[in-house]
Amino acid sequence: MHDRCEVCNENFMPEPGFYFGAMFLSYILSGWFLLVPALVLVFTLDWEVGSTMVLVLALAALIYTKLLRLSRAIWIHIIVKYDKEAGEK
């Protein structure tokens with residue numbers, strides 16, 4: 001991640017451990033992103049559990065970095081309030 005926002009100069013690392021809560025968001029999001037396809041494959045398409053796990057692990061490896069950045073973006077949007085006029089100064 002960048003250290004600061006290019007538009008409003010918001011500090012993306014305000015304190016050590018700031019993104020600890022993003023870890024929980026990432027866990028929840030990855031659970032849903034990976035559970036839904038697994039359930040569809042097992043119960044709708046009658047895949048075996050072993051082959052479903054291989055596909056889910058491959059999918060998890062592919063979306064890991066995107067999901068990490070998404071959870072950090074959601075976390076900073078929840079905690080830090082956007083000040084429209086800060087970028088104009």
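Points worth noting:
- Flag if residue 75 is without any contact (Cβ under 8 Å) to a residue 12 or more places away in the chain and surrounded by 15 or more Cβ atoms within 10 Å (Cβ to Cβ): no
- Hey, residue 43 more than 20 Å from residue 2 (Cα to Cα), part of a helix (DSSP H, G or I) and in contact (Cβ under 8 Å) with a residue 24 or more places away in the chain or not: no
- If you go through the range 50-89 and keep only what is at pLDDT below 95, among the β-branched types (Val, Ile, Thr) and more than 15 Å from the chain's Cα centre (by Cα), you end up with 79, 80.
- Residue count, the range 58-72 (criterion: without any contact (Cβ under 8 Å) to a residue 40 or more places away in the chain and either touching a helix residue (DSSP H, G or I) at 6+ places or on another chain (Cβ under 7 Å) or under 18 Å from residue 5 (Cβ atoms) (or both)): 3
- Flag for residue 23 being within 17 Å of residue 78 (Cβ to Cβ) and either of a type in the set (D, E, K, R) or surrounded by 10 or more Cβ atoms within 10 Å (Cβ to Cβ) (or both): yes
- Given (1) surrounded by fewer than 13 Cβ atoms within 10 Å (Cβ to Cβ); (2) at pLDDT below 95; (3) of a type in the set (Val, Ile, Thr), number of the condition residue 40 does not satisfy: (2)
The values are calculated or read from the model by the stated rules, or taken from the named source; none is laboratory data. Quantities reported herein were computed from a predicted structural model and do not represent experimental measurements. Quick reminder, even Gly has a Cβ in these numbers, built from the backbone with ideal geometry, and neighbours come from all protein chains shown.
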